[in-house]
Amino acid sequence: MGNETIKVLIAKAGLDGHDRGAKVIARTLMDAGMEVIYGGLRQSPEQIVETALQEDVDVIGISLLSGAHMKVFPRILELMKEKGIEDKILTGGGTILPEEIEELKQLGVDDLFGPDTSLDDITTKIQQLVYSNRKNVKA
Amino acid sequence: MDQSLLTRFQQKDPLVLGKLLREVENQTSLGYEFLKLCTTKTGNSHVIGITGPPGAGKSTLVGELCKKWSEMGYSIGVVLIDPTSPFSGGALLGDRIRMMELAKNSGVFIKSLATRGSLGGLAASTADIVQIYDAFGKDIIVIETVGVGQVEFDVMNISDTVVLINVPGLGDSIQTLKGGIMEIADLYVINQADRPGADESVRDLNMMIREKKQLTWKPPILKTVATNHEGIEELINEIENHKAYLKTSNLWNKKREERNLKRFNTQINQLFHQKINEFISTNNHIENSIVRVKEGKEDPFTAAHQIFEGFLTDHNIK
């Protein structure tokens, strides 16, 4: 039994007031049948990780257009380990260079989406990540 | 069940609380197992239901209340409910955004729920979530309903204190006379009271309450401006007064008894519902009958009756 609805946290980290992208993503994931907790603007990595822990989401999605991604993602990863929720999927998107995406993935971010990624691709990728993660956790 | 899970729950590990709330929300067998274990350890939390129309300021007010309560040293569990999309089955849970600063406060734990088809203003798992918070040792549990209209009053069945948040300018005095949501509140709040019409709204509510002579608790009417932190302390005091009233009048215990009974009834109905659905989905000739109903070739009353009779026979029930 049990309902397997995917839960996602969408938030914006740091001093970045552009939330149109985050809202579009939140809406898109809702339309794909997911339950999206919208965390909104100017969140600290601490707030984001604490929220993910309380809500026990499957996915943390960070929207960043401020250029602070090389600071924010490593800090979130660090806090996730500290709080014992490193099994959750960490993803995000924004103005991130391809070589930075590679570097962050090496550090442990599951996937990142640059400009021009289609909404369908984001939805599909998130679903894939969650389903393969659930299999891993059960195994 | 994993024994360490129980131990960590008793040690108030927030990680385990989050995981168990999700299990209960998804109505998994682990969730039920846990609910069975902690039934007798509950009944101590003050459960406060916050309801009102969309945009009235429920979330902002909940955020303000929680901030004050946590300063006063209470530990708080919050349940925020938002609607599930009838089209995609997904949901956008956007209440938390009004209280993100509380995430830093370890005394406040927040859980967002989607209605998943429930129509009474709550999610089906709300009572179970409340029970887990209660067993965890939360002093205060706040339930924020979806934005409501006139009839979504399930919240009164699981709360000790119901606070109805309204805003100025939602109609004339006739609206306050109507049955339904206007009747269930223990406290009335006119939020956004800096807008025109606040005093008129208070006057209309006052008149409605004055006319109900037999009341032993006279619901107070308060004005707040949640975004400016105005009126919060008064609201907290009145909530405290209501709790004292419940205790002295023994309604505190009575409410808990009624709640237990209600959950038992819900569970019975749910089990029954499941069995009927199983019966329907495993009998091919019923499927055919349902198709005929769908196409308008068979009337739904006769078909339902026949299927029900078939179910009784199949289970040897006379």
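The values are calculated or read from the model by the stated rules, or taken from the named source; none is laboratory data. Keep in mind it's a predicted model, so treat the numbers as computed, not measured. Note: ideal-geometry Cβ built from the backbone for every residue, glycine included; neighbour counts use all protein chains shown. To get the accessible areas, we keep the full protein, side chains included, count just its heavy atoms, and leave off ligands, DNA and RNA. Shrake-Rupley method; radii C 1.70, N 1.55, O 1.52, S 1.80 Å.
Electrostatic bookkeeping for B:Glu23 treats Lys and Arg as +1 and Asp and Glu as -1; over the other residues with beta carbon under 10 Å from its beta carbon, the sum is -2.
As a rough guide to protection, the peptides B:290-302, B:21-33, B:225-237 ranked by mean Cβ packing within 10 Å, highest first, stand as B:21-33, B:225-237, B:290-302. Along its first, second and third principal axes, ordered by size, chain A spans 43, 33, 26 Å in Cα coordinates. Estimated from the Cβ-Cβ distance and a Förster radius of 22 angstrom, the FRET efficiency linking B:Thr227 and A:Arg27 is about 0.30.
With the convex hull of the Cα atoms taken as the outline of region B:137-271, the averaged projected area works out to 9.7 nm².
What does a probe at B:Ser173 reach in region B:190-207, counting residues whose amide N is under 20 Å from the point 7 Å along Cα→Cβ? Answer for this model: B:190, B:196-207. Close amide H partners of B:Leu113, meaning residues 5 or more places away or on another chain with modelled amide H under 5 Å apart, are B:Leu80, B:Ile81, B:Asp82. With the cut-off at 1.5 for a/c, could you classify region B:270-318 from its C-alpha gyration tensor as rounded, prolate or oblate? Here region B:270-318 falls in the prolate category. So, with a 1.4 angstrom probe, what is the percent of accessible area on the protein assembly as shown that is carbon and sulfur? Reported share for carbon and sulfur atoms: 53 percent.
Out of B:Gln270, B:Ile239, B:Ser281, whose Cα points farthest toward the positive end of the dipole of region B:228-292 (charges: +1 Lys, Arg; -1 Asp, Glu; placed on Cβ)? It is B:Ser281.
Note on region B:224-242 and region A:84-100: Cα centroid distance 41 Å, given to the nearest whole angstrom. Scaling against 2.2 N^0.38 Å puts the C-alpha radius of gyration of region B:246-304 at 1.93.
Size descriptors for the protein assembly as shown, from the alpha-carbon set: Rg then Dmax equal 24.0, 74 Å. Please work out, to two decimal places, the log10 of the ratio I(q)/I(0) at q = 0.14, 0.22 Å⁻¹ from a Debye calculation in which every Cα of region A:61-139 carries one identical scatterer. The calculated log intensity ratios at q = 0.14, 0.22 Å⁻¹ are -0.47, -1.09. For the set B:Lys138/B:Lys262; B:Lys223/B:Lys262; B:Lys275/B:Lys318; A:Lys81/B:Lys41, the pairs lying more than 28 angstrom apart at their alpha carbons are B:Lys223/B:Lys262; A:Lys81/B:Lys41.
How much of the calculated P(r) for region B:136-176 lies past 17 Å, in percent of all Cα pairs? When every Cα pair of region B:136-176 is considered, 45 percent fall beyond 17 Å.
Count Lys and Arg as plus one, Asp and Glu as minus one, and take only other residues whose Cβ is under 10 Å from that of A:Lys125; the net charge is then -4.
Need one word for region B:13-155: rounded, prolate or oblate. Basis is the Cα gyration tensor (sqrt eigenvalues a ≥ b ≥ c); a/c below 1.5 gives rounded, then a/b vs b/c decides. Here region B:13-155 falls in the oblate category.
Entry comment: accessible area of the protein assembly as shown is 49 Å² per residue, from protein heavy atoms only and a probe of 1.4 Å.
The B and A chains share an interface that buries close to 2600 Å² of accessible area, total over both sides, probe 1.4 Å.
Counting pairs of alpha carbon atoms under 8 Å apart in space and at least six apart in sequence, what relative contact order in percent does region B:142-239 give? Relative contact order comes out at 26 percent.
Overall, the ratio between the Cα radius of gyration of chain B and 2.2 N^0.38 Å, rounded to two decimals, is 1.13. Normalising by the residue count of region A:6-139, find the relative contact order in percent from Cα pairs under 8 Å and 6+ residues apart. RCO, region A:6-139: 25 percent. For the peptide A:79-92, the mean number of other protein chain Cβ atoms found within 10 angstrom of a residue's Cβ is 1. Report note on the peptides B:171-183, A:26-38: ranked by the mean count of other C-beta atoms within 10 Å, highest first, their order is A:26-38, B:171-183. With contacts taken as Cα pairs under 8 Å at a separation of at least 6 residues, chain B carries a relative contact order of 17 percent. Peptides B:245-257, A:70-82 ordered by packing proxy, namely the average of other Cβ atoms within 10 Å per residue, highest first: A:70-82, B:245-257.
Peptide B:79-92 is shielded by partner chain Cβ atoms: per residue, an average of 5 of them sit within 10 Å of its Cβ. Charge tally around B:Gly57: other residues with Cβ under 10 Å, Lys/Arg +1 each, Asp/Glu -1 each, net +1. With a ≥ b ≥ c taken as the square roots of the eigenvalues of the C-alpha gyration tensor of region B:1-92, please select rounded if a/c is under 1.5 and otherwise prolate if a/b is larger than b/c or oblate if it is not? Cα axes put region B:1-92 in the oblate bin. Per-residue mean of foreign Cβ neighbours for B:48-60 is 0 (Cβ atoms of other chains, 10 Å radius).
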